[in-house]
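Working notes, beginning with the structure itself.
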Amino acid sequence: PVDQVLTVQMVPFDSTRKLLLSRDITQLDRIQTVHRDFIANVSHELRTPLTVVGGFIETMLDMPDVDAATRNKHLELMYDQTQRMQRLVDDLLTLSRLENGMQMKEEEVDVPQLMRLLAVEAEGLSQGRHTVAIGSIVPARLIGNHDELHSAFGNLVSNAIRYTPNGGTITLHWRIESGQPVFAVQDTGIGIAPEHVPRLTERFYRVDRGRSRATGGTGLGLAIVKHILQRHQAQMAIQSRLGQGSEFAVRFPMQRLLAEV
Ligand code: ADP
């Protein structure tokens, strides 16, 4: 109703309060911008495959008598696009679950065993195009969540494969540095220019959009990794050289280490 009046109570405040208030507003603005960008990105990412699928359906409706081979080609292309949307929605759901701060079940994670599983999965992904190796490995377990770590390490491994040309090598490491357990994935891939490194864990940030898409990326992998690592109080260091390769190393706090007796 128009006759409703909003009354604001004026309270005197000192300059520090004013400063705090303006800082909060700036912070709020930033959050709102990030939120708006996110919605715009999601919409865009979903719209592209939808447009492609819609286009093919239209073509097929216009040409009902097309030969079987062409029809199958169209169906395959549409299937690829639906798979892409599926991956995006799955990643969005994972992110949202992590952001809701659901409590994490802590258990003993046998990292050497997980690494062997990751190596088998990496070979499946690579389909013989890369060498997958286990470098250093210490018989140490970790206190954390098995499924979350599987997903975080798996993302790093699949990135290593996707950003390494055929014939390259992916090496997994599980080592102790200054008493802290470190899991690392090293590749001999395309590398990352230094100016991109600080932004890689932002949602939808990609160095090369085309390459990310062509290899099935959603642009959300490292954002998911970041959340999972935060929940484990772990830190990720990225070392990379353009054209030579990268290493993504995850360092856990000492207290999470369970040394084998
Ligand atoms: P995407 O689905 O695009 O791979 P990610 O969040 O997993 O999204 O990664 C963000 C970007 O970081 C990628 O688009 C790619 O540009 C870069 N990146 C990630 N891992 C590597 C790697 N091992 N080598 C080179 N670039 C990488």
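We did not get these values from a lab; they are worked out from the coordinates using the rules stated. Small disclaimer: the values here were computed from a predicted structure and weren't measured. Note that each Cβ is placed from the backbone with ideal geometry, even for glycine, and that neighbours are counted across all protein chains shown.
Scan region 90-109 for residues that are more than 13 Å from the chain's Cα centre (by Cα) and part of a helix (DSSP H, G or I) and the total you get is 2. Counting only helices (runs of 4 or more DSSP H) wholly contained in region 137-253, the ones carrying 1 or more residues that are surrounded by 15 or more Cβ atoms within 10 Å (Cβ to Cβ) and of a type in the set (Asp, Glu) occupy 146-162.
Residues in region 56-74 that are within 20 Å of residue 85 (Cβ to Cβ) and surrounded by 14 or more Cβ atoms within 10 Å (Cβ to Cβ): 56, 60, 74.
If you check 225, 250 for being within 22 Å of residue 122 (Cβ to Cβ), more than 8 Å from the ligand (Cβ to nearest atom), under 15 Å from the mean Cα position of the chain (by Cα) and of a type in the set (A, V, I, L, M), only one passes: 250.
Residue-wise test of (1) away from the ligand (no atom under 15 Å from the Cβ); (2) more than 30 Å from residue 34 (Cα to Cα).
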residue	(1), (2)
139	yes, yes
142	yes, yes
170	no, yes
178	yes, yes
181	yes, yes
188	no, yes
192	no, no
208	no, no
216	no, no
